[in-house]
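The values are calculated or read from the model by the stated rules, or taken from the named source; none is laboratory data. Please read all numbers here as calculations on a predicted model, not as lab measurements. Neighbour counts run over all protein chains shown; Cβ positions are idealised from the backbone, glycine included.
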Amino acid sequence: MSSQTEFEIADRLRLVQERIDQALARSGRSGEMVRILAVTKTFSRQVADEALRAGLKLFGENRVQEAYAKFSFPPFQAELHLIGHLQTNKVKKAAQLFQCIQSIDKLETAQELNRVAAGLNKKIDILLQLNTSGEATKSGYSSVEALCRDLEAILELKALRLKGLMTIGPLTDDKKSIRSAFRRLKKLYDKLVLERILPPHAILSMGMSGDFELAVEEGANLVRLGTALFGERGS
Ligand SMILES: *Cc1c(COP(=O)(O)O)cnc(C)c1O
């Protein structure tokens, strides 16, 4: 894979930021902030370091093992989120490495993460992931009801901080179905903020390189971008 200069990344970042600003303006949210999470999966540590120099502050990986190899040493001076499925046998490594796990979709995983985090004397942020696409291959709670059923027990876990919600849009060109998936998550988000289960500026993580403008139009305040910042992935 060719190494990229931080200038290329900075150029792409500028373009992405413009597109986000335009999407914000289209939806009457001008001036609001959308955080960009740089998805460095399959890219090297060197690329991540260049992204950091280009001004990116928030990073995401979808595999614990890969992230551990890339970021545990030398220590990476930025916030790191897990955006892929968390298996129980990877909880310990994940708790050591990530500030936030965006992909919680089971009470048992949250409980195990809580136990490990407490042992490390650490607080870990979590998002609950909803499967809004109905695609069986995607992780996430299968329904709003299933997610809500776990809320009370999750809020009891003292080493975890529930910070918001996450989803992956359906893999399709049909903008209507992508939009409706994002709308479902936004609706749940608004309800949980209103009920003070989520804090006022909770995270709404939705949108990837192919659909982040739709996500921003539907209320996302964090988008997860790989390809748009780093180009096509090699593998
Ligand atoms: C890979 C990945 C992304 C980024 O995908 P791009 O299309 O390259 O922007 C975002 N979110 C999750 C959960 C991912 O696994």
Cβ-Cβ below 8 Å, separation at least six or inter-chain, first residue in segment 124-141 and surrounded by 21 or more Cβ atoms within 10 Å (Cβ to Cβ), second modelled with pLDDT under 95 and not in a loop (DSSP other than H, G, I, E, B): which pairs?
none
Exactly one condition in (1) in a helix (DSSP H, G or I); (2) within 30 Å of residue 145 (Cβ to Cβ); (3) within 13 Å of the ligand (Cβ to nearest atom); (4) among the small types (Gly, Ala, Ser) is not met by residue 95; state its number.
(3)
Test for residue 155: is it at pLDDT 95 or above and closer than 22 Å to residue 224 by Cβ
no
Give segment 116-145 a look and list any residue that's in contact with a Phe, Trp or Tyr (Cβ under 7 Å, 6 or more places away or on another chain), of a type in the set (A, V, I, L, M) and closer than 17 Å to residue 180 by Cα, or say none.
130
Has segment 47-70 got at least one residue that is surrounded by fewer than 19 Cβ atoms within 10 Å (Cβ to Cβ), closer than 16 Å to residue 208 by Cα, under 17 Å from the mean Cα position of the chain (by Cα) and of a type in the set (Lys, Arg)?
no
What's the total number of residues in segment 162-183 that are under 15 Å from residue 106 (Cα atoms) and either assigned to a loop (DSSP other than H, G, I, E, B) or more than 14 Å from the chain's Cα centre (by Cα) (or both)?
1
Could you check how many residues of segment 26-46 are surrounded by 13 or more Cβ atoms within 10 Å (Cβ to Cβ) and over 22 Å from residue 61 (Cα atoms)?
3
Expected single match for part of a helix (DSSP H, G or I), away from the ligand (no atom under 16 Å from the Cβ) and at pLDDT 95 or above among 48, 25 is 25
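Let's see how each residue does on (1) away from the ligand (no atom under 16 Å from the Cβ); (2) aromatic (Phe, Trp, Tyr); (3) in contact with a Ser or Thr (Cβ under 9 Å, 6 or more places away or on another chain):
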position	(1), (2), (3)
182	no, yes, yes
188	yes, no, no
193	yes, no, no
223	no, no, yes
227	no, no, yes
Got at least one residue in segment 100-120 being within 13 Å of the ligand (Cβ to nearest atom), part of a loop (DSSP other than H, G, I, E, B), buried (at least 21 other Cβ atoms within 10 Å of the Cβ) and among the polar types (S, T, N, Q)?
no
Please give the number of the condition residue 171 fails out of (1) among the hydrophobic types (A, V, I, L, M, F, W, C); (2) out of contact with any Phe, Trp or Tyr (no Cβ under 8 Å at 6 or more places or on another chain); (3) away from the ligand (no atom under 13 Å from the Cβ); (4) under 30 Å from residue 12 (Cβ atoms).
(3)
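Taking segment 61-80, which residues are polar (S, T, N, Q) and more than 16 Å from the ligand (Cβ to nearest atom)?
72, 77
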